[in-house]
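Have a look at the structure below before the remarks.
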Amino acid sequence: MDRADGVFPLGNAALSGAAEPEVELPLVGVSACLKQGEHAPYHSVMDRYVEAVRLGTGAVPVIVPALGDERGLDALLTRLDGILFTGSPSNVCPSLYGGPPPRPGNLADPRRDATTLPLMRRAIAAGVPLLAICRGIQELNVALGGTLHQHLHEVPGRADHRSDKSKPWPERYEPRHLVRLAPGGFLQRLLDGAETVMVNSLHGQGIDRLAPRLVVEATAEDGTIEAVRVEGARAFAIGVQWHPEWRVLENPVSRRLFAAFGEAVRERRRLRAATH
């Protein structure tokens, strides 16, 4: 990070409209979902994720379709400087982690699963920075061999982390509960030694068995894993269960998280440029 307040030169240029040479701007993939429209399926991603990449990192967002096919993923990674794995109303298919069949009404997206899970593994191996949010952290855990709670609020001792759908949309993203940062962890160092931070909460599923390569970076007061990092990763590889993309520049924690991701992305861009 370039400054302690989480503001960095490239991000400021993006906000102010100052021109950066287009060739120097890094590219960050943003994972999309495949949804069924009235007449045909379509690829979709919320604008707030695109804007969080653009404003929070200063990079150019590039939407990655839910291709459902591993062919071409390595070629894609050679052109990207980072990947943001987004949240979604859909859930990772439990067959991918040996879980029981989902209940009726479960929202699934098998084409997204077939894209994001192998893409995560390839990104980690290739040293491409990644930030995984909400469904993204659950995908990361499954991709590396972990399991999920399909109904977290039904687990004894766990709170209900789902959003209150009776509230207006913006109010659902307001800070809701504390998370405790792992002592000496990446997030605690990033946040100047803070012990706890307030986060929003809009998820029905959560990490059950932690994947072998993941290290816990934050937990909720009920023990729910709220943030992880990939141990031994060659580049930035962080997952969070909350939604830092929401009004990214208004929240100091979100701003610093995206600034750190942005610095890793720019370093990846410098390395790519040096090899061409």
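Restricting the search to the stretch 126-169, which residues are out of contact with any Gly (no Cβ under 6 Å at 6 or more places or on another chain), farther than 14 Å from Val92 by Cβ and in contact (Cβ under 8 Å) with a residue 24 or more places away in the chain?
Ala126, Gly127, Val128, Leu130, Leu131, His153, Gly157, Arg158, Ala159, His161, Ser163, listed by residue number.
In the stretch 109-124, what residues are aliphatic (A, V, I, L, M) and in contact (Cβ under 8 Å) with a residue 40 or more places away in the chain?
At the first step, the residues of the stretch 109-124 found to be aliphatic (A, V, I, L, M) are 114, 117, 119-120, 123-124.
Scanning the stretch 109-124 gives Ala114, Leu119, Ala123, Ile124.
Which condition does His177 not pass, out of (1) at pLDDT 95 or above; (2) out of contact with any helix residue (DSSP H, G or I) (no Cβ under 8 Å at 6 or more places or on another chain); (3) farther than 22 Å from Phe258 by Cβ; (4) surrounded by fewer than 18 Cβ atoms within 10 Å (Cβ to Cβ), if it passes all the others?
(3)
Where residues in the stretch 220-239 are under 9 Å from Val179 (Cβ atoms) and crowded, with 18+ Cβ neighbours inside 10 Å, which of them is nearest to the chain's Cα centre (by Cα)?
Quick first cut of the stretch 220-239, residues under 9 Å from Val179 (Cβ atoms) only: 220-221, 224, 226-227.
Next, only the ones that are crowded, with 18+ Cβ neighbours inside 10 Å stay: 220, 224, 226-227.
Values: Ala220: 18, Thr224: 17, Glu226: 12, Ala227: 10 Å.
Here the residue is Ala227.
Among (1) under 27 Å from Ala259 (Cα atoms); (2) surrounded by 15 or more Cβ atoms within 10 Å (Cβ to Cβ), where does Arg189 come up short?
Answer for Arg189: the failing condition is (2).
Does the stretch 196-216 contain at least one residue that is under 18 Å from the mean Cα position of the chain (by Cα), of a type in the set (D, E, K, R) and crowded, with 23+ Cβ neighbours inside 10 Å?
no
May I ask you to verify whether Gly17 is of a type outside the set (A, V, I, L, M, F, W, C) and modelled with pLDDT under 95? Spell out the reasoning first.
Working: of a type outside the set (A, V, I, L, M, F, W, C): yes; modelled with pLDDT under 95: yes.
It is true that Gly17 is of a type outside the set (A, V, I, L, M, F, W, C) and modelled with pLDDT under 95.
Can you pull out the helices (runs of 4 or more DSSP H) entirely within the stretch 76-173 that have at least 3 residues that are over 18 Å from His43 (Cβ atoms) and modelled with pLDDT under 95? Give the derivation first.
Working: elements: 110-126, 135-143, 169-172.
Of the helices (runs of 4 or more DSSP H) lying wholly inside the stretch 76-173, those with at least 3 residues that are over 18 Å from His43 (Cβ atoms) and modelled with pLDDT under 95 span 169-172.
The values are calculated or read from the model by the stated rules, or taken from the named source; none is laboratory data. Quick caveat: nothing in here was measured; it's all calculated off a predicted structure. Ideal geometry is used to build each Cβ from the backbone, glycine not excepted, and the neighbour counts take in all protein chains shown.
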